[in-house]
Every structure is written in structure tokens, then in C-alpha cells.
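The values are calculated or read from the model by the stated rules, or taken from the named source; none is laboratory data. Just so it is clear, the model here is predicted, and its values are computed rather than measured. Note that each Cβ is placed from the backbone with ideal geometry, even for glycine, and that neighbours are counted across all protein chains shown. In case anyone asks, the SASA skips ligands and DNA or RNA and just uses the protein heavy atoms, side chains included. Shrake-Rupley method; radii C 1.70, N 1.55, O 1.52, S 1.80 Å.
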Amino acid sequence: MLPVFLKTLIGSFFDLLPIAVVIGFFQFVVLEQPIPNLMEILIGSLFVLIGLTLFVQGLEMGLFPLGESLAFAFARKGSLLWLLLFAFALGFGTTVAEPALIAVANEAAKVAAEGLVIGATDQARAEYALGLRLTVALSVGFAIVIGVLRIVRGWPVQYLIIGGYLGVIVMTFFAPAEIIGIAYDSGGVTTSTMTVPLVTALGVGLASSIRGRNPMVDGFGLIAFASLTPMIFVMAYGMIG
């Protein structure tokens, strides 16, 4: 166990090294200033290194095997309905509590209140932020369902992705200007640290358990749907609201 942890720790160090080099170059060479609170930054960087190492180790030990085993179990059960319900619940549950989404939704509510789009009360801001979070979470749940159906039915991923982005482009012309930027950003914050490994493992495991499916060709692509559908749903949310 210890050798594996040390190997992952070294890998995480080299992953973070380019960031440290870039910051150090601009701080010392371009700005020609010392780094403020150097000791706190070093301690924080150490925490980041250890946290990233533990996170990667946890993915390999827990989340990836869990996602693949669930996919195999649902494939053996042979119930498409339960598989789709699980896919929706997985996408919705991991997204609605995503910290990045909560932060973006709260900031969007604050800006909307300042721009007089909604009432300048705590209740109005809370309702707007919650509505945005639920809309994004529903869209991700829907995206994972479509992605699972694609794997089961063998649909080509490129047609679905191209069609989806064409829909985004068309909706951009009709959606309120205040919601377009939020919609585009919502597509990025949905790919959370919990959603990505579980959904990826689900796709690969499902493609591996279905005869005639190639895990490399069919197992990936679910995350692309999870980034695409929030843009459509949030713009629709802005148009309806």
C-alpha cells in the first residue's frame, strides 16, 4: 500500500510542478516581487499535494471499481428501466450538491438581483439559485440517461453531440442575454470530482458488459453530454422564467 501511495504522490508532485514553475516565473522574473505569506503558501501547497494524492488513490481504489461493478450488475439484471433510473439519479445527485455549481448559482443570483432581474431579497436570491441548481442537475441526469441509451443502442456519439451543439447555437439567438453566459458556464461546473469518475466508470463498465460494444469507442462520451445539456436547459430556464 505504501509503495503505491508514494508512487501516486510523486506523480501528483510532477503534475503540480508546472503550475509552481509558472507562478514562480511571473512572480520573480516578470513582477520582480517576493511571494507574500510564503510559509502559508508552502503549507497550503503541501496540503494540496497530499489531498490530490489521496483523491487519485481513492478513485482507483473505490469509485472506478464501484462504477464498473454497478454497470455489470445492471447489465446482468437486464432491466433497462432500472439502469436508466440509476443513470438519472447518479447524474442528478452528484450535480445538485456540486460546490462549484452552488458557488456559480449563488453568484448568478446576486448579479441578477443587482441587475433588477429578480427581487433584491434573500428569498428571491435563494429561490433563483435553487432553481438554477435544480435545472442544471436535471439536465445532467437527462444527459447520463441519453448517454446510457447511446451505449445500449449503439448510437454514434458524433451525431448526438453535433445535434446538441447546433441546438445550443440556435437557442443562443433566442435566450435572454443575461442567461447566456451563465448557461455556458454551467456546462463546465457540472463535471465535478464525483460525477466524472463515477460516470466514466459506468460508461466503460456498461460498454464492457454488452456484447458487441467496444469500451474504448462506446464507453466514453457521457461527460460530453453532461457538459452539453446544461447549456440547453439553463437557456430554456431563462426563456421560460
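Here are the numbers for the structure shown:
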{"quantity": "Kirkwood Rh in Å, taken over all unlike Cα pairs in the chain", "calculated": "20.2"}
{"quantity": "Inter-label distance for E107 and W155, nm, one decimal - labels placed 7 Å from Cα along Cα-to-Cβ", "calculated": "3.3"}
{"quantity": "For the chain, accessible area per residue (1.4 Å probe, heavy atoms of protein chains only), Å²", "calculated": "56"}
{"quantity": "FRET efficiency, 1/(1 + (r/R0)^6) with R0 45 Å, evaluated for L116 and N214 via beta carbons", "calculated": "0.30"}
{"quantity": "Cα-based Rg and Dmax for the range 171-241, where Dmax is the largest Cα-Cα distance (Å)", "calculated": "15.4, 47"}
{"quantity": "Heavy atoms of K110 accessible to a 1.4 Å probe, total area in Å² rounded to 10", "calculated": "100"}
{"quantity": "Positive-end residue of L202, L42, V22, charge dipole of the chain with Cβ unit charges", "calculated": "L202"}
{"quantity": "Within the accessible area of the chain (1.4 Å probe), percent carbon and sulfur", "calculated": "73"}
{"quantity": "Cβ-placed point charges (K, R +1; D, E -1), dipole of the chain about Cα centre in debye, nearest 20", "calculated": "1040"}
{"quantity": "Highest to lowest packing among 209-217, 71-79, scored as the average C-beta count within 10 Å", "calculated": "71-79, 209-217"}
{"quantity": "For peptides 51-57, 158-164, sequence by mean Cβ density within 10 Å, most packed first", "calculated": "51-57, 158-164"}
{"quantity": "Over the range 107-162: Kirkwood hydrodynamic radius from C-alpha pairwise inverse distances, Å", "calculated": "13.4"}
{"quantity": "The chain - mean residue ellipticity at 222 nm from DSSP helices (-39,500 (n - 2.57) per run, n ≥ 4, rounded to 500)", "calculated": "-26500 deg cm²/dmol"}
{"quantity": "GNM flexibility winner over the chain from G44, G58, G93 (Cα, springs under 10 Å)", "calculated": "G44"}
{"quantity": "Highest to lowest packing among 116-126, 180-190, scored as the average C-beta count within 10 Å", "calculated": "180-190, 116-126"}
{"quantity": "Mean separation of Cα contacts under 8 Å, 6 or more apart, over the residue count of the chain: relative contact order %", "calculated": "25"}
{"quantity": "Whole-Å semi-axes of the ellipsoid equivalent to the range 35-85 (Cα gyration tensor, √5λ, descending)", "calculated": "42, 11, 4"}
{"quantity": "Radius 14 Å from Cβ of I118, net charge of other residues (Lys, Arg +1; Asp, Glu -1)", "calculated": "-3"}
{"quantity": "Percent RCO, i.e. relative contact order, over the range 1-109, from Cα pairs under 8 Å lying at least 6 residues apart", "calculated": "26"}
{"quantity": "Alpha carbon centroid spacing (whole Å) that separates the range 191-222 from the range 1-56", "calculated": "31"}
{"quantity": "In nm, spacing of pseudo-spin labels at V22 and A89 (7 Å Cα→C-beta vector)", "calculated": "4.0"}
